[in-house]
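So the structure is just underneath, and the comments pick up after that.
The values are calculated or read from the model by the stated rules, or taken from the named source; none is laboratory data. Everything numeric in this text was worked out from a predicted model, so none of it was measured. Methodologically, a virtual Cβ is constructed for each residue, glycine included, from the backbone with ideal geometry; neighbour enumeration extends over all protein chains shown. For accessibility, only protein heavy atoms count, side chains too; no ligands or nucleic acids. Shrake-Rupley method; radii C 1.70, N 1.55, O 1.52, S 1.80 Å.
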Amino acid sequence: MTAAMGSPYAQREIKNKKRDVFEDILEERRQSSDLRYAMKCYSPVIYRNLVPCKPSVLKTMVLHSDQLQYVIKQISLESGETCDVIQDQAAEILDEMGQNLNLAAIRMFALTLSKIFKTLFQKVCVNEEGIQRLAQAIHEHPVVLLPSHRSYIDFLMMSYVLYTYDLALPVIAAGMDFMSMKIVGELLRMSGAFFMRRTFRGNKLYWAVFAEYVKTMLRNGYAPVEFFVEGQRSRTCKTINPKFGLLSVIMEPFFKGEVFDTYLVPISISYERVLEESLYAYELLGVPKPKESTSGLLKARKILSENFGSIHVFFGKPMSLRSLASGKLNRSQYNLIPRYLSQKPSEDIQRFISDVAYKVELHQIANMVLSPGALIAAILLQNFPSLSYNVLVDKTMWLKELTEAFGGYLEWPDNMSASKVVRSSLDLHSNITKLIDGEVFLFDNNTNGVLTEELVFSRGVSVLMCAAYRNQMVNIYARPALVVLAMKMAQSSKSEDVYKMFDFLRNLFSKEFIFFPGFEKKDFEEGCFLLSKCDVIQGNPHEMVLMEKGSSTTVFLLKMFHPFFEGYQLAFRHLVEDMTRKWTEKQYISTVRSFVTQCIIDGTTTCYEALSSDIQKNALASFVHLGLLKVNKLEGQITFTVNETNIEDFAGKLGLQVPTKKLPVARL
Amino acid sequence: MATAEGNPMSDSSQRRLRVLLGHLKPRAAQATSTSEHKAPASPSIPRKRQELLKWNGWGYNDSKFTFNKKGQAEFTGKRYKLSGMVLPSLREWMEKTFGASLDQKTTSRASLNASDAPPAILNEGFIQDIKAMGIPFSHDVEDRVFRAHGHCLHEMFTLREGMFKRIPDIIVWPQCHEDVVRIVDLACKHNVCIIPFGGGTSVSNALECPEDEKRTIVSLDTSQMNRILWIDEKNLTAHVESGITGQDLERQLGESGYCTGHEPDSMEFSTLGGWVATRASGMKKNIYGNIEDLVVHLKVVTPKGVVEKSCQGPRMSTGPDIYHFIMGSEGTLGVVTEVTIKIRPLPEYQKYGSVVFPNFEQGVACLREVAKQRCAPASIRLMDNAQFQFGHALKPQVASIFTSFLDGLKKFYITKFKGFDPNRLCVATLLFEGDREKVLQHEKQVYDIAAKFGGLAAGEDNGQRGYMLTFVIAYLRDLGMDYYVIGESFETSVPWDRVLDLCRNVKERIVRECKERGVQFPPLSTCRVTQTYDAGACVYFYFAFNYRGISDPVHVYEEIEFAAREEILANGGSLSHHHGVGKLRKQWLKDSISDVGIGMLRSVKNFVDPNNIFGNRNLL
């Protein structure tokens, strides 16, 4: 899985080549009539083999497809219901799900969105070369758009950008929660969204209808299909490990030879300030997410008076599925069973799907545009409660250089002094940071009072909001930082030992950061390469040492990743407190939150980020993956128990001790 | 040239003969028809093949496409319906399709240079013994080179511009089964390698001599074993020597009022033995069956002795059919010497037809329905749009204003009145056979089905021309090669539900591969569905491109063909429907038939021919 897959680490490649140029599409909107824009002649580039058809025809095709008919018959045999009844159910599901792409609705959207975007954002920048590549791709083969997912704005923005550039509007797999919004749901539908239930595992009919619907649109080249590999909005602004279900659906027509090729287009949408930033922080701290409703949307109007900075939409290079699969897959495995049977993907197919998913995400990460705010956030988090403005400016400039050296893609205002850049960024994020008397505060530090749970919570909100902006760049830092961390933790400075420790950490954080499966060695080499390039380490094949020159970088990297490390430590400590206990994920998350809160109040930790349910969930998944936890399935409920065999070894690696003595007593 | 319906005066056998050879010049129409079949009829192809056939191209010396002084294409000779005709649109088609130009010409060397040929490795003992037996043989360079190749593109290229690294060292011409037994015995005794040679029309590298073969290579030319030994009218079988060519077999049977009905496109030159050895398929298999359906009995000489069955029962349950080891063995096990083949009375009536469909998809759907209802005519073929246009380019100059006016009307009706897009429509050609009433009934049934899929009847002429083109298309490749255009055809068989996807993907793959390899003009990449079965169809691809600006065109061509075959396999197509594996497709055989399958074939080979006397190295 190496050469032909191409290096997924585009950072290094991209850094050396010229970046695409961004155009601000709002600029024109501010100068000419929105109405005329909405009513413009819209004749998009379409797939060359397209046989035009209406949404209703599409639905009929799906309902009468061999695939669906077969499933309907199966279900009828199993349940005893007649085929007609199940056929009707299928039609209902399809109606609930189906998009209703309609030009009038799109024009209305274009008009309203122009207004809204102009108020919310300073700029919406798009790489036009990417648009040209996309237009070519849409013409040639069916296209799947795979944007990053940070906000609800994402898919509105996608359709808006495509409309602006006269490209075919996508059909979008969106969550069902939207659909329950009155009017808006219907409007979204008319702009091409189709809805899927969040959970339909086990619902054979639903899955069959859904999969066939997506595949039919793709095969006919009806419109580009759009969905999010991450599966949901990332509450932490950190790329979420990919989901494979939809990807496998859209790849199937190619595997079965029903289309010659399919283009996958990774798209990175970067926000200088995310609309939902505070909502996310609350959610991560366990305050439930409000249900989507139209009235909620209306209440959110007040955000219209705020400034959310700029958005960068980067359309990555279309990846040909055929080229990705070339030499990797033997598609003849599909030759021996009828095509209407859906087949469980074989191991090599599964591996391929997973590889492609990670590749897409790594491209998204590489093409994310970082704003000064991300740098400032990273610095503030290492210096709370406050640091002086001047120091912040200096550090920001230092970090800018480092980030660029590590392949980060920074958008920096050209003709502004460093101080001004930092200042305007602080203004943009004034809800998180305060500038008082030349000191920049992340939160009020009234040390005179005692820490209460409420205070911990409100500080937690600030830290998590701030962390979200730092998180925009953690994946760029993950490899070198884990190398440094491994050097600190390894038994010796022998390369071998460092690599072993790196491998352990990479494994531990595999749910936290995005690593290409099987690329342990490459990741290590990449990290070492970047570090030695910046004079942080010096090494030969046998030994690696940290250099004095790079000590500030070393410290910075360690501090940047410390919250994750400590978060996992705390999660682990909480687990081993009572090794006989059975946890559900819910129970675990809520008790670990109280545990961490207590630790902060006790002053044994200052790791507010450990309060985040995201870290807690990832840690749990990682512990399962590493075999520390056993998974028990009882009556549909999944519980976890500690697997005591590996525990001490693992604790040692994390630099912790297990309270083993307690156990016999507990049993007596 | 008379057509089927043209001559009410002739008796049925003569009419049949003319039908059958509608596109060939009837050579022996006046030959006396005797019931004594032992007497050798003079074969159409002489022992010195090069006297009649091109040494560096397809077919007869006198038949070829050329451009006349006016720059118009014409087809020379007198053998075919197209012979002597001017084809006004061909030039423009070539220029438009390939970017070819009459000014850009590349010519083959004029004749074979004997000194280029690798020297013969002669096993003196073997030659002595052959001489003693009085079996004709030759080590003339021309004879040897002629039998060193089939008709793959790279073989033609080598003939035109280079020389094979290894060619047969000696040619032997056995006259009968017993001669073959003696030759094979001698070969075993002297340890020489035998490569059986029939019509030399292989397109799978099957005749290529292994470069590293150090033993004497004997080309065993079966062409002198060309008699029909007997005809059994009670059981409707004929016992025939394997070296008879298709055209001679059908002509001679026709004199007795019979036919086999086996008509592969190469039937002018390919032989009965070759058909058996490659598992051949004929255009009219819907009525008569493929070679495996036609063979009743086989006699095969192997190093271990003669293989044959002891009776002619029409079906047997006697373990795996040993004939199936022979059919498709591609000369690796022995020489087929005599075949008992099924025969049928000549059909009373024959009618061509054609249907225009608005697009290829509809056409395939129609063929599928025809197959489902099991009412396929003797032949039904569906050409895609590019081939339809190609067919148009081969339309001869029309004799009268009236015909051209009629053509114009037809075109107007189909494109304007019926709204068919000339760049999407496609044509199916049909051939019906049987007694008159049934044919007409059958015809109606098929046209009714076609109508359900938007098909419009498009006349007999179009159908007939379609089948005539089959025979001349191979000549066209030689013309292309003179103008930097190289091409080839290849085939597959595929389940019905994958036909469309396979056709589209393979054609697209070819286009893409050409582009990636620096081919400057878009290639001709076209296909047709040539056979229907209950469970699938046979698909034939034509592929050609202009190679100007490419330094190693044959290599590029082979890479693209390789890619196309990979695509076929990935889309559920078979390795071959009837061309065989030879050496060209060997590398995929293991994946096609499994490791155990290879082992089974290998163990048969090891038992039958442990010393690899039949050392052409096909298949395994």
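Provide the FRET efficiency to the nearest 0.05 for the B:Glu558-B:Cys176 pair, computing r from the beta carbons and using R0 = 45 Å.
Values: r = 40 Å, r/R0 = 0.89.
Computed FRET efficiency for B:Glu558 and B:Cys176: 0.65.
Note the buried accessible area between B and A here, summed over both chains, with a 1.4 Å probe, in Å² to the nearest 100.
1300
Can you tell me the accessible area per residue over region A:35-158, all protein chains present, probe 1.4 angstrom, in square angstrom? Please list the in-between numbers first.
Working: 5740 Å² over 124 residues.
For region A:35-158, the per-residue accessible area is 46 Å².
Calculated FRET efficiency, A:Gln657 and A:His542, Cβ-Cβ r, R0 30 Å, to nearest 0.05? The partial results should precede the final answer.
Numbers: r = 32 Å, r/R0 = 1.06.
So, using R0 = 30 Å, E works out to roughly 0.40.
Are there trypsin sites (Lys or Arg not before Pro) in region B:327-397 that DSSP marks as loop and that have at most 13 other Cβ atoms within 10 Å, and which are they?
Details: sites: B:Lys342, B:Lys351, B:Arg368, B:Lys372, B:Arg374, B:Arg381; in loops: B:Arg374.
Taking region B:327-397 and a limit of 13 other Cβ atoms within 10 Å, the loop trypsin sites (Lys or Arg not before Pro) found are B:Arg374.
Round to the nearest 10 and give me the degree value, 0 to 90, for the angle of helix B:401-412's Cα axis relative to the longest principal axis of chain B.
That works out to roughly 80 degrees.
Once you place label points 7 Å from the Cα toward the Cβ at B:Cys311 and A:Lys73, how far apart are they in nm?
Taking the simple label geometry, B:Cys311 and A:Lys73 are separated by 4.3 nm.
Which positions within region B:479-504 get 20 Å² or more of their accessible surface covered by the other protein chains, compared to the chain by itself, with a 1.4 angstrom probe?
In region B:479-504, residues shielded by partner chains: B:Asp497, B:Arg498, B:Asp501, B:Arg504.
What are the residues of region A:233-269 that lose 20 Å² or more of accessible area, with a 1.4 Å probe, going from their chain alone to all protein chains?
Going by heavy-atom accessible area, the residues of region A:233-269 that drop by at least 20 Å² are A:Gly257, A:Glu258, A:Phe260.
Got a sec? Which residues in region B:167-199 would a label at B:Leu620 touch, if it sits 7 Å along Cα→Cβ and we count backbone N under 17 Å?
B:193-196
In region A:17-126, carbon and sulfur make up what percent of the accessible area (probe 1.4 Å)?
Of the solvent-accessible surface of region A:17-126, carbon and sulfur hold 57 percent.
Using unit Cβ charges (K, R positive; D, E negative) and no other charged atoms, how large, in debye to the nearest 20, is the dipole of chain B about its Cα centre?
980
Where does helix A:66-79 land angle-wise versus the long Cα axis of chain A, in degrees 0 to 90, nearest 10?
Compared with the principal axis, the helix lies near 80 degrees.
Taking only DSSP H segments of four or more residues, each worth -39500 (n - 2.57), what value at 222 nm results for chain B once the sum is divided by all its residues, to the nearest 500 deg cm²/dmol?
Helix contribution divided over all residues of chain B: -10500 deg cm²/dmol.
Taking 56 Å as R0, compute the FRET efficiency from the Cβ-Cβ separation of A:Asn632 and B:Thr66 and round it to 0.05.
0.10
Where does each of B:67-78, B:268-279 land if you order them by average Cβ count within 10 Å, highest first?
So the order, starting with the most tightly packed, is B:268-279, B:67-78.
On the protein heavy atoms, probe 1.4 angstrom, tell me the percent of accessible surface of region B:523-620 carried by carbon and sulfur.
56
222 nm [θ] for chain A, helices only, -39500 (n - 2.57) per DSSP H run of 4+, per residue, to 500?
So the helix-based figure for chain A works out to -16000 deg cm²/dmol.
Would you mind telling me the share, in percent, of accessible area of region A:299-451 contributed by carbon and sulfur at probe 1.4 angstrom? Please list the in-between numbers first.
Details: 3490 of 6880 Å².
Carbon and sulfur: 51 percent of the exposed surface of region A:299-451.
Please compute, for peptide A:331-338, the average count of beta-carbon atoms on other protein chains lying within 10 Å of each residue's beta-carbon.
Per residue, the number of nearby Cβ atoms from other chains is 4 on average.
How many nm is it between the label spots at B:Lys214 and B:Lys234, if each spot is 7 Å from the Cα in line with the beta carbon?
Taking the simple label geometry, B:Lys214 and B:Lys234 are separated by 5.6 nm.
Provide the per residue accessible area, probe 1.4 Å, for region B:247-304, rounded to a whole number of square angstrom.
On the way: 1150 Å² over 58 residues.
Value returned for region B:247-304: 20 Å² of accessible area per residue.
Under the 0.36 nm per residue contour assumption, what length would be gained going from the current alpha-carbon distance of A:Lys559 and A:Thr641 to full extension? Before the final figure, lay out each step's value.
Details: separation 82, 0.36 × 82 = 29.52 nm, distance 3.16 nm.
Full extension from A:Lys559 to A:Thr641 adds 26.4 nm.
Summarise the partner chain shielding of A:409-421 as one whole number: the mean count of Cβ atoms from other chains within 10 Å of each residue's Cβ.
Counting Cβ atoms of other protein chains within 10 Å of each residue's Cβ and averaging gives 0.
Comparing the chain by itself with all protein chains present, which residues of region B:567-597 are at least 30 Å² less accessible (probe 1.4 Å)?
B:Glu567, B:Ala570
Taking the solvent-accessible surface of protein heavy atoms with a 1.4 Å probe, what is the per residue accessible area of region B:500-620 in Å²?
That works out to 39 Å² per residue.
Between A:Asp578 and A:Asn330, what is 0.36 nm times their sequence separation minus the Cα-Cα distance? Round to one decimal in nm.
Value of the extension gain: 84.3 nm.
Treating cross-link reach as a plain straight distance, find the lysines whose alpha-carbon is under 20 Å from the alpha-carbon of A:Lys586, omitting any fewer than eight places away in the same chain.
Hits, sequence-local ones excluded: A:Lys289, A:Lys291, A:Lys511, A:Lys617, A:Lys630, A:Lys633.
As I understand it, the value is the acute angle between the Cα axis of helix A:153-164 and the longest principal axis of the Cα atoms of chain A; what does it come to in degrees, rounded to 10?
Once rounded, one gets 50 degrees.
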